[in-house]
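Every number in this text was worked out from the coordinates using simple rules, so none of it is lab data. Remember, it's a predicted structure, so these values are computed and weren't measured experimentally. Cβ placement follows ideal geometry from the backbone for every residue including glycine, while neighbour counts extend to all protein chains displayed.
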Amino acid sequence: MAGNLTEIEQRKAEHIRINLDEDVQSKGITTGFEKYRFVHQALPELDFAQVRTSSEVLGHALNAPLLLSSMTGGVTQAREINRNLATAAERFGLAMGIGSQRLALEQPDLQDFFRIRDVAPNILLFANLGAVQLNNGYGVEECLRAVEMVGADALFLHLNPLQEAIQPGGNANFAGLTARIAEVCRAISVPVVVKEVGWGISGEVATVLATAGVAAIDVAGAGGTSWSEVERHRLSSPMKRQVAAAFAGWGIGTAESLVDVRRAVPDLPVFASGGIHTGMDVAKALALGAALVGLASTVLRAAVESATAVENELQVIIEELRTCMFCIGAGSLPALRDTPRLIGP
């Protein structure tokens, strides 16, 4: 079967396999959430049954502030993964991001691999394209097609300079990209959210993106899956593998990136993803100001199995979040975000 795949399809299939079978976690860098602790309240003055995790993001009501982050797309296995994620997101009232849709724009016969609205008609759904493609012939029209293809409510433009620099045949021309992002923000009617893919966004870059007109920023920090490690497993050249290995500890940890971006653009919604594994991680991210918290590798293996497996993982995470909120006396997300009971750096 692999012999019949295009180069991009083959890459997507390899990405799934490597994420499932190899150790691709960041090395020598953590998310930074372990540096924070909540102050336990022995008398929370709450009824646990009344703890609520509902929120509103980009005008959409969510039952919990969780995003099943963009992971994959374009091959048969990815279709099942996305549909299992979407089914679970619909059940729990969450948000979801589709994997990069470049492949489907270039091969329209693959568009059904990305469509999930039949199983998730009500979720907050993000279309997704690599921002660097705006320097590679893409423009407003392709962004609109990506949104329309999946019936999305918003568009992710992802930034991945390190991955493109390491990836065989990568598109590493990021010159003048800010102006092109700004053009898309002005021209399309749905919110445009810019995200990293696992190395974080600095306050400096966040300020530039805010000026460009983005509706929100997903910091997608370091400490979880390292895509330079993923690409290292695909490389055949010993020299290039050595270069990729040097960046296993690269990036801005998710907690540091979140705090830095919140400080730089306090009026812009900021999403936190990258190495989020537990409801406690989610609670800490929300207490640090995240509007939405993304999960990726945490649910990927479950998504390969079934929608029910994803639902089981999410149920644990949401219950951990609610329990954490209860034990610090925060009965709602606004109370969690304003809590003085998170201590750290």
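Taking the chain as the reference, fit the longest principal axis to its C-alpha atoms, fit the long axis of helix 76-92 to the helix C-alpha atoms, and give the angle between the two in degrees, 0 to 90, nearest 10.
Roughly 20 degrees between the two axes.
Taking the Cα centre of each part, how many Å lie between region 75-141 and region 154-199?
If you average the Cα positions of each part, the centres end up 16 Å apart.
So for the pair residue 122, residue 21, with labels modelled 7 Å out along Cα→Cβ, what separation do we get in nm?
Each label point is offset 7 Å from its Cα along the Cβ direction, giving 4.0 nm.
Assigning unit charges at the beta carbon (Lys, Arg +1; Asp, Glu -1) and nothing else, what dipole magnitude in debye, to the nearest 20, does the chain show about its Cα centre? Let's see the in-between values first.
Details: 28 positive and 37 negative charges, 92 e Å.
Using only the charged Cβ atoms, the result is roughly 440 debye.
Between residue 306 and residue 60, what length comes free when the chain is fully extended (0.36 nm per residue of separation minus the Cα-Cα distance, one decimal in nm)?
Numbers: separation 246, 0.36 × 246 = 88.56 nm, distance 2.63 nm.
My answer for the length gained is 85.9 nm.
Counting only other residues whose beta carbon sits under 9 Å from that of residue 167, what net charge do I get with K and R as +1, D and E as -1?
0
Report, to the nearest 10°, how far helix 254-264 tilts away from the longest principal axis of the Cα atoms in the chain, using its own Cα long axis and a range of 0 to 90°.
For 254-264 against the chain, the angle is about 80 degrees.
Would you compute, for the Cα atoms of region 2-343, the largest minus smallest coordinate along each principal axis and list the three values in descending order, in whole Å?
In descending order, the Cα extents are 61, 42, 41 Å.
Counting only GluC sites (Glu not before Pro) that are in a DSSP loop and have at most 14 other C-beta atoms within 10 Å, tell me the longest site-free stretch of the chain. Each step should come with its number before you reach the end.
Working: sites that count: 22, 45.
No qualifying site falls inside 46-345, the longest such stretch.
Quick one: check the C-alpha center-to-center distance for region 222-294 versus region 33-54, whole angstrom.
25
I want to check the label-to-label distance for residue 141 and residue 179. Put each point 7 Å from Cα in the C-beta direction and report it in nm to one decimal.
About 2.1 nm, to one decimal.
Among 339, 6, rank each residue by its count of other Cβ atoms within 10 Å, from fewest to most, as a rough exposure measure.
Working: 339 18, 6 13.
Lowest count first: 6, 339.
Over the chain, what is the relative contact order in percent, taking alpha-carbon pairs closer than 8 angstrom and at least six residues apart? If you can, show how the numbers build up before the last one.
Values: 713 pairs, mean separation 81.0, N = 345.
After rounding, I find 23 percent.
Angle, helix 307-327 long axis vs. longest principal axis of the chain, Cα atoms, 0 to 90°, nearest 10?
40
What's the local net charge at residue 222, with K and R +1, D and E -1, over the other residues with C-beta under 12 Å away?
On the way: positive: 27; negative: 196, 229, 256.
So the surrounding residues net to -2.
Ranking 237, 273 by Cβ neighbours within 10 Å, fewest first, what do you get?
On the way: 237 10, 273 28.
Lowest to highest Cβ neighbour count: 237, 273.
Would you be so kind as to identify which of 128, 36, 220 lies farthest towards the positive end of the dipole of the chain, taking Lys and Arg as +1 and Asp and Glu as -1 on Cβ and the Cα centre as origin?
It is 36, whose Cα lies furthest towards the positive end.
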